[in-house]
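Before any comments, here is the structure.
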Amino acid sequence: MSTLTPAMTAALEEYASWQEPLFEDLHRHPELSMQEERTTGIVAEQLEGFGYAVQRIGGGVVGVLESGAGPTILHRADMDGLPVREDSGLPYASEHTQADADGVEQPTMHACGHDAHIVTALGAARLLAEHREDWSGTFIALFQPGEEIAAGARAMVEDGLAEKIPTPDACLGQHVMGDPVAGRIAVAPGPMFSASVSMRLTVHGAGSHGSMPHRSVDPIVLAAAIVTRLQTLVAREIAPGDFGVVTVGALHAGSGPNIIPDRAQMLLNFRAYSDEILDQLVEGVQRIARAESEAARSPREPEVELFNHYPLTDNDPELAEAVRAAVAAQLGEERVEVMEPSTGSEDFSIIPDALGVPSCYWVFGGYAEGRDPAPNHSPLWSLDLQPTLRTGTEAAAAAAVALLGGRG
Ligand SMILES: [Zn+2]
Ligand SMILES: [Zn+2]
């Protein structure tokens with residue numbers, strides 16, 4: 001028993017003819033986070049062409065399609081590219097540049113596969129529109145901006161998403177990855193993508209001549225002590241079975257060999273599978289920074305600024321099982337794997353959290369068997385168009401139709 005009707009499955013055979021050129025066009029023209037103007041224009045035009053009622057919300061696009069009584073199911077895709085110089089060698093590689101938020105011209109690349117998310121979500125949206133008689137309820141196709149900077153889902157919520165669309169019964173979404181192989185999906189209940197937050201930490205010293213350290217409070221030595229001591233947070237304060245990451249990604253201080261500076265700045269990133277552990281790690285760094293500052297005779301308390309907050313992506317167990325069963329019925333059990341939790345993060349769940357509804361997020365393969373997949377965000381990222389696009393489209397449509405319910 002397949003989830004989609006035979007007519008729907010048959011229709012998918014023809015979809016490569018429009019999905020592949022659309023994918024190549026989007027791949028050629030990536031846009032940076034919260035600047036997805038061309039992309040949103042294309043998405044809105046496509047959805048209108050399929051017969052959706054289209055709205056622009058918070059820099060994103062939402063299409064609503066009604067087909068009688070029944071549940072409401074939302075599928076979310078993200079649209080942004082990254083400031084990465086593409087080195088994939090693809091004939092349709094991006095040569096596009098765009099000024100970033102600071103006005104600096106950046107190379108751009110769809111290095112996270114969001115172009116595939118757009119095309120597969122549009123594929124599912126079109127399939128449902130062309131076969132309205134085969135399901136019942138309301139389907140919402142949501143395309144958000146700015147996932148890579150954790151801004152887009154929040155921007156749509158703040159622009160009144162909850163008041164502007166029918167409240168869904170569930171939110172679905174998917175990400176293309178190097179694992180599993182193309183043609184397969186992976187899904188599981190529970191935490192799938194980590195909660196994450198970044199921190200800008202500034203510690204203060206007293207500047208002096210490099211030859212007169214006794215006249216200084218050296219913020220470089222202070223920062224070094226902090227970096228070393230915060231390694232104990234995961235090793236000594238988090239239970240061995242729990243997951244936590246604290247990374248110091250940047251440490252900046254000083255301007256010359258004979259000048260002791262008056263401050264040091266660190267950029268840190270945190271990951272965990274629960275908000276409690278994330279908070280514990282953030283609080284631990286602040287405690288260590290305060291204590292080390294005092295030990296170093298720092299003249300001022302350290303300053304802390306948190307940014308890029310990604311909530312936990314936590315699959316509702318019942319919904320995850322319904323999605324797994326629906327996609328397995330459509331693709332075959334052997335093409336649906338058990339997803340391993342990723343240490344990466346997603347702003348997807350901001351939308352279901354704001355709407356107060358359960359959600360399920362899964363991954364689909366983007367690299368054919370035998371290829372060594374480049375990681376997401378790599379300049380070498382290059383998807384095999386098929387069976388990637390077909391599988392993502394089919395999984396998205398099957399999950400939605402199973403939850404919407406048939407006309408039977
Ligand atoms: Zn990404
Ligand atoms: Zn991504």
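The values are calculated or read from the model by the stated rules, or taken from the named source; none is laboratory data. None of these values were measured; they are calculated from a predicted model. Every residue, glycine as well, gets a Cβ built from its backbone with ideal geometry; the counts of neighbours run over all protein chains shown.
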*Among (1) touching a helix residue (DSSP H, G or I) at 6+ places or on another chain (Cβ under 6 Å); (2) within 16 Å of ligand 1 (Cβ to nearest atom); (3) on the phi > 0 side of the Ramachandran plot - the single one ASP115 does not satisfy*: (3)
*Would you list the strands (runs of 3 or more DSSP E) that sit entirely within the stretch 283-348 and hold 3 or more residues that are within 16 Å of ligand 1 (Cβ to nearest atom) and under 25 Å from the mean Cα position of the chain (by Cα)?*
303-310
_Subset of the stretch 1-24 that is in contact (Cβ under 8 Å) with a residue 24 or more places away in the chain and charged (D, E, K, R) - its residue that is surrounded by the most Cβ atoms within 10 Å (Cβ to Cβ)_ = GLU24
*Within the stretch 171-198, count every residue that is crowded, with 24+ Cβ neighbours inside 10 Å and more than 12 Å from the chain's Cα centre (by Cα).*
5
*Does ALA155 count as within 16 Å of ligand 2 (Cβ to nearest atom) and buried (at least 18 other Cβ atoms within 10 Å of the Cβ)?*
no
*Sole exception among (1) assigned to a strand (DSSP E or B); (2) under 21 Å from the mean Cα position of the chain (by Cα); (3) hydrophobic (A, V, I, L, M, F, W, C) for LEU278, by number*: (1)
*Inside the stretch 136-185, can you point out the residues that are within 13 Å of ligand 1 (Cβ to nearest atom) and β-branched (Val, Ile, Thr)?*
ILE149, VAL176
*Scanning for something part of a helix (DSSP H, G or I) and within 16 Å of ligand 2 (Cβ to nearest atom), does the stretch 59-67 turn up at least one residue?*
no
*Under the condition of being away from ligand 2 (no atom under 13 Å from the Cβ) and out of contact with any strand residue (DSSP E or B) (no Cβ under 9 Å at 6 or more places or on another chain), which residue from the stretch 351-384 is nearest to LEU90 (Cα to Cα)?*
SER382
*asked:* Being of a type in the set (A, V, I, L, M) and more than 19 Å from the chain's Cα centre (by Cα) is the filter here; which residues of the stretch 118-139 pass it?
replied: ALA124, ALA125, LEU127, LEU128, ALA129
_Go through (1) more than 28 Å from PRO30 (Cβ to Cβ); (2) surrounded by 16 or more Cβ atoms within 10 Å (Cβ to Cβ); (3) at pLDDT below 95 for LEU403 and report which single condition fails._
(3)
*Checking HIS96 against (1) away from ligand 2 (no atom under 16 Å from the Cβ); (2) surrounded by 24 or more Cβ atoms within 10 Å (Cβ to Cβ), which test does it fail?*
(2)
*Residue within the stretch 163-170 that is part of a helix (DSSP H, G or I) and either closer than 24 Å to VAL246 by Cα or within 28 Å of the chain's Cα centre (by Cα) (or both) present*: yes
*Please indicate, with yes or no, whether at least one residue in the stretch 81-97 is within 16 Å of ligand 1 (Cβ to nearest atom), of a type in the set (Asp, Glu) and in a strand (DSSP E or B).*
no
*Output for the stretch 39-56, where each listed residue is surrounded by fewer than 16 Cβ atoms within 10 Å (Cβ to Cβ) and part of a helix (DSSP H, G or I)*: GLY41, GLU45, GLU48, GLY49
*Among the residues of the stretch 340-362 satisfying the criterion of being charged (D, E, K, R) and in contact with a Phe, Trp or Tyr (Cβ under 8 Å, 6 or more places away or on another chain), which is surrounded by the fewest Cβ atoms within 10 Å (Cβ to Cβ)?*
GLU346
*Which members of the stretch 125-150 meet the condition of being surrounded by fewer than 21 Cβ atoms within 10 Å (Cβ to Cβ) and either assigned to a loop (DSSP other than H, G, I, E, B) or not assigned by TED's automatic domain parsing to the domain that holds ARG56 (or both)?*
HIS131, SER136, ILE149
*Can you confirm whether the stretch 104-111 contains a residue that is within 15 Å of ligand 1 (Cβ to nearest atom), part of a loop (DSSP other than H, G, I, E, B) and in contact with a strand residue (DSSP E or B) (Cβ under 7 Å, 6 or more places away or on another chain)?*
yes
*Only one residue in GLY392, GLY332, GLY370, GLY365 is crowded, with 24+ Cβ neighbours inside 10 Å, farther than 25 Å from VAL62 by Cβ and either in contact (Cβ under 8 Å) with a residue 60 or more places away in the chain or of a type outside the set (Lys, Arg) (or both), so which one is that?*
GLY365
*For the stretch 99-136, what are the residues that are within 16 Å of ligand 2 (Cβ to nearest atom) and among the hydroxyl-bearing types (Ser, Thr, Tyr)?*
THR108, THR120
